[in-house]
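The values are calculated or read from the model by the stated rules, or taken from the named source; none is laboratory data. Worth saying up front: this structure is predicted, and the values here are computed from it rather than measured. Because the Cβ atoms are built from the backbone with ideal geometry, glycine has one as well, and the counts that use them run over all protein chains shown. Please note that ligands, DNA and RNA were not included when accessible areas were found on the heavy atoms of the full protein model with its side chains. Shrake-Rupley method; radii C 1.70, N 1.55, O 1.52, S 1.80 Å.
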Amino acid sequence: MIELRAITKAFNQGQHNEFWALDGIDLTVEARRVTALTGPSGSGKTTLLTVLGCLARPTSGRVSLKGEDISGLPERFLTEIRRRSFGFVFQQFNLIRGLSALENVMLPAYPLGPEFGALRLRAEALLARLHLAHRREARVEWLSGGEQQRVAIARALINDPEVVIADEPTANLDTALSRQFLAILEELSAEGRTVLLTSHDPLVVESTAVHRVVSMRDGRLVAA
Amino acid sequence: MTRWIARQRYLIDYALASAARRRTRNIGLLLVYALLVFVLASVMLFSLALRHEATAVLRHSPEVILQRMVAGRHDLIPPGYAERIGRIRGVQKQAGRLWGYYYDPVMKANFTFMVPPDGGIERRSIAVGPALARERGLDENTGISFRAYSGKLFAFTVGAVLPQDSELVSADLVLMHEDDFRAFFEYPAGHWTDIALSVANPQEVRNVAAKLAAALPDSRPILREEVLRTYASIFDWREGIVLTVLSGALLAFAILAWEKASGLSADEKREIGILKAIGWETSDVLKMKAWEGTLLSLSAFLAGYVAAWLHVFHFDAGLFAPVLKGWAVLYPRFDLTPAVDGLTLATLFFFTVFPYTAAVLVPVWRAAITDPDAVMRA
Ligand SMILES: Nc1ncnc2c1ncn2[C@@H]1O[C@H](COP(=O)(O)OP(=O)(O)OP(=O)(O)O)[C@@H](O)[C@H]1O
Ligand SMILES: [Mg+2]
């Protein structure tokens with residue numbers, strides 16, 4: 001599905017505080033499987049996730065998606081790929097305050113200009129599936145952490161992406177909610193979606209919902 | 001195409017929701033903005049309307065007016081004076097005119113008494129301008145009397161109220177019969193106030209004036225084009241003062257808009273980052289913000305412009321009439337005839353809506369081109 005070859009990523013390159021967050025990563029992410037990146041804080045998990053999800057470009061190395069090299073594509077095409085192929089669930093959920101849950105879920109589809117009624121139905125169906133139908137008109141800042149995460153998941157699914165990317169999905173959840181998340185994870189992979197997540201939560205890493213664990217340290221992969 | 005419209009509708013929707021979320025800030029901005037447009041538009045509409053009036057005044061006046069000067073002052077035209085001009089090529093018509101000023105102690109205002117060149121007014125009857133009719137409650141067939149400078153009281157019946165196409169032309173006008181005029185002002189028979197000459201060809205006006213000056217050395221020809229030029233420069237000068245003051249206001253607004261708009265709050269930056277991360281293109285974010293800016297500035301513009309219109313044409317431009325209107329003494333109350341001109345409207349629009357939208361977009365653009373990975377680390 002996604003192939004990384006000799007990926008490096010430097011922050012503040014050429015300056016005194018230059019920092020290599022990724023230092024030669026080769027990784028193949030298989031389709032329809034749940035892959036978890038794990039490792040100590042600062043090891044480069046989030047950075048690797050941004051490269052995998054086309055949110056950031058690597059400093060060097062090649063990224064290919066379904067066999068097609070996308071490292072050289074201009075920003076516009078990357079956005080297009082990101083919109084069609086990836087759905088993101090951020091650690092802080094990153095919902096837009098002041099808007100309702102439903103509006104937040106529909107947001108990624110706006111630039112595509114779909115028919116409004118159909119879009120609304122799709123968003124409502126996603127919220128219902130995540131047991132949030134009764135909260136769809138509520139402003140997101142009034143929702144609990146677990147509810148906010150489910151809104152974020154619904155938002156990630158609205159454009160029906162092949163790959164779902166989640167950064168530290170259980171960091172803000174208690175055990176019960178984390179288990180609920182793992183159940184959703186299984187559903188997603190059962191639907192045939194590829195899931196990529198980072199976590200240092202043993203509950204996630206050791207879960208049967210996760211098919212593969214990739215460990216990192218100091219910007220490199222380490223054998224598990 | 002329908003896809004394009006659908007996308008814009010989504011962007012507008014989002015822009016409106018986003019504006020509503022920062023309600024206090026946007027309402028404050030809207031008010032300041034509308035106020036600025038209001039003041040600028042008031043000045044423009046007002047001076048434009050005045051200019052219209054002045055042009056209307058002069059449109060009806062003859063190309064050349066000949067006054068006789070005695071000891072450097074305007075004096076009456078004696079009998080036989082006009083005949084001395086003889087025939088001058090290019091002059092189509094020449095006629096003596098009778099007019100004078102009358103100060104009405106009741107209204108504490110000046111009126112122009114005049115004998116219309118083509119007659120048409122009965123004896124003991126007058127036609128009055130709309131301002132006078134309004135102030136003294138006159139209507140057709142009501143009576144009014146004026147005390148002449150000689151002390152004698154003259155009674156008239158109002159035969160007609162002049163139409164209000166242009167108030168400056170007719171507001172203070174009182175038209176009367178020649179005999180009444182001469183009796184009222186004790187004007188000696190055969191004398192005239194001045195002589196009006198019509199010249200068809202504008203190229204010949206200066207020649208005619210030169211010939212008049214040669215034939216009658218004690219006369220002063222007044223050319224309409226010169227009067228026009230004087231009016232224009234007076235208006236420009238007054239408008240200049242007001243605009244100087246206003247450019248200060250404009251500058252203040254620009255600074256405000258810049259500060260308000262450029263200081264993207266952390267919240268807004270985060271929002272832009274989120275939008276990009278979930279698949280909005282930089283151009284989508286910019287379009288959405290452009291809509292937001294346009295909708296805000298457009299509504300401010302409309303509100304300000306409509307308020308200015310009401311101010312100028314329904315409330316007599318009360319706020320700055322003292323600066324712009326030199327006529328305040330002559331015209332106790334005078335409604336301007338509404339006039340709009342596309343160019344000034346476009347100018348105003350361009351200088352308010354455009355800079356604001358640009359000021360909003362620059363910082364958004366700067367925030368929007370940064371890599372979206374920053375949202376991962378919020
Ligand atoms: N924009 C940036 N500028 C400079 N350094 C950065 C930037 N983003 C990340 N880093 C650094 O890169 C390193 C890797 O960061 P990253 O967020 O990928 O780690 P992580 O494995 O996700 O850590 P955590 O488990 O704490 O989330 C860190 O040392 C971080 O300080
Ligand atoms: Mg991280």
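At a probe of 1.4 Å, how much accessible area disappears from chains B and A on forming the pair, both sides counted, to the nearest 100 Å²? Please report the intermediate quantities before stating the final value.
Working: alone 20160 and 10840 Å², together 28130 Å².
Chains B and A together bury approximately 2900 Å².
What whole-number distance in Å separates the alpha-carbon centres of the stretch B:1-50 and the stretch A:144-176?
37
Hey, can you list the residues from the stretch A:43-62 whose accessible area shrinks by 30 Å² or more with all protein chains present, relative to the chain by itself (probe 1.4 Å, no ligands or nucleic acids)?
Buried by 30 Å² or more upon assembly, which counts only protein chains, are A:THR46, A:THR50, A:LEU55.
How large is the translational diffusion coefficient of the protein assembly as shown in µm² per second when you combine the Kirkwood radius over alpha carbon pairs with Stokes-Einstein at 37 °C and 0.692 mPa s?
Details: Rh = 31.0 Å.
It diffuses with D of about 106 µm²/s by this estimate.
Can you find, among B:ILE65, B:ASN26, B:PRO116, the residue sitting farthest towards the positive end of the charge dipole of the stretch B:14-147, where Lys and Arg contribute +1 and Asp and Glu -1 at Cβ?
After comparing all options, I get B:ASN26.
For A:TRP20, what charge total do you get from the other residues with a beta carbon under 11 Å from its beta carbon, if Lys and Arg give +1 and Asp and Glu give -1?
Working: positive: A:LYS9, A:ARG220; negative: A:GLU18, A:ASP23, A:ASP218.
Residues near A:TRP20 contribute -1 overall.
Counting only protein heavy atoms and a 1.4 Å probe, tell me what percentage of the protein assembly as shown's accessible area is made up of carbon and sulfur.
Numbers: 16280 of 28130 Å².
For the protein assembly as shown, the apolar C and S fraction of the accessible surface comes to 58 percent.
On a full-extension model of 0.36 nm per residue, what is the gain between B:SER145 and B:ASP75, subtracting their alpha-carbon distance, rounded to one decimal in nm? Walk me through the numbers on the way to the answer.
Values: separation 70, 0.36 × 70 = 25.20 nm, distance 2.74 nm.
Length gained, B:SER145 through B:ASP75: 22.5 nm.
What is the distance, in nm, between label points placed 7 Å from the Cα along the Cα-to-Cβ direction at A:THR59 and at B:GLN92?
Modelled inter-label distance: 8.7 nm.
State in Å² the accessible area per residue of the stretch B:75-139; use a 1.4 Å probe, count heavy atoms of protein chains only, and round to the nearest integer.
Numbers: 3570 Å² over 65 residues.
The answer is 55 Å² per residue.
Going through the stretch A:164-200, which GluC sites (Glu not before Pro) have at most 15 other Cβ atoms within 10 Å and a DSSP loop state?
On the way: sites: A:GLU186, A:GLU187, A:GLU191; in loops: A:GLU191.
Counting only loop positions with at most 15 other Cβ atoms within 10 Å, the GluC sites (Glu not before Pro) in the stretch A:164-200 are A:GLU191.
Taking loop as defined by DSSP and a crowding limit of 11 other beta carbons within 10 Å, which trypsin sites (Lys or Arg not before Pro) in the stretch B:26-121 fit? Intermediate values should be presented prior to the final figure.
Working: sites: B:ARG51, B:ARG59, B:ARG68, B:ARG73, B:ARG84, B:ARG87, B:ARG89, B:LYS93, B:ARG97, B:LYS108; in loops: B:ARG87, B:ARG89, B:LYS108.
Loop-located and lightly packed - B:ARG87, B:ARG89, B:LYS108.
With +1 on each Lys and Arg Cβ and -1 on each Asp and Glu Cβ, how big is the dipole of the protein assembly as shown about its Cα centre, in debye rounded to the nearest 20?
Working: 66 positive and 63 negative charges, 67 e Å.
It comes to approximately 320 debye.
Could you compute Rg(Cα) / (2.2 N^0.38 Å) for chain A, with N its residue count?
Working: Rg = 17.5 Å, N = 224, 2.2 N^0.38 = 17.2 Å.
Output field value: 1.02.
Under unit Cβ charges (Lys, Arg +1; Asp, Glu -1), what dipole magnitude, rounded to 20 debye, does the stretch B:64-223 have relative to its Cα centre? Mind showing how you got there, number by number?
Working: 18 positive and 18 negative charges, 124 e Å.
Computed charge dipole of the stretch B:64-223: roughly 600 debye.
So, for the stretch A:2-223, what is the accessible surface per residue at a probe of 1.4 Å, expressed in square angstrom? Write down the numbers at each step before the final one.
Numbers: 9300 Å² over 222 residues.
Ligands and nucleic acids excluded, the result is 42 Å² per residue.
May I ask for the net charge around A:ARG33, where only other residues with Cβ less than 10 Å from the Cβ of A:ARG33 are counted and Lys, Arg are +1 while Asp, Glu are -1?
Values: positive: A:ARG32, A:ARG193, A:ARG212; negative: A:GLU30.
Overall, the nearby charge balance is +2.
Residues with beta-carbon under 15 Å from that of B:GLU122, excluding B:GLU122: net charge, scoring Lys, Arg +1 and Asp, Glu -1?
Charge balance near B:GLU122 sits at -3.
For the stretch B:208-217, take each phi angle, set θ = phi - 60°, evaluate the Karplus expression 6.51 cos²θ - 1.76 cosθ + 1.60, and give the result in whole Hz per residue in order, putting x for glycine and proline.
Rounded to whole hertz, the list is 4, 4, 4, 5, 4, 4, 5, 6, 10, x.
Taking the Cα centre of the stretch A:1-120 as origin, work out the dipole magnitude from +1 charges on Lys and Arg Cβ and -1 charges on Asp and Glu Cβ, in debye rounded to 20.
Numbers: 14 positive and 11 negative charges, 46 e Å.
My answer is approximately 220 debye.
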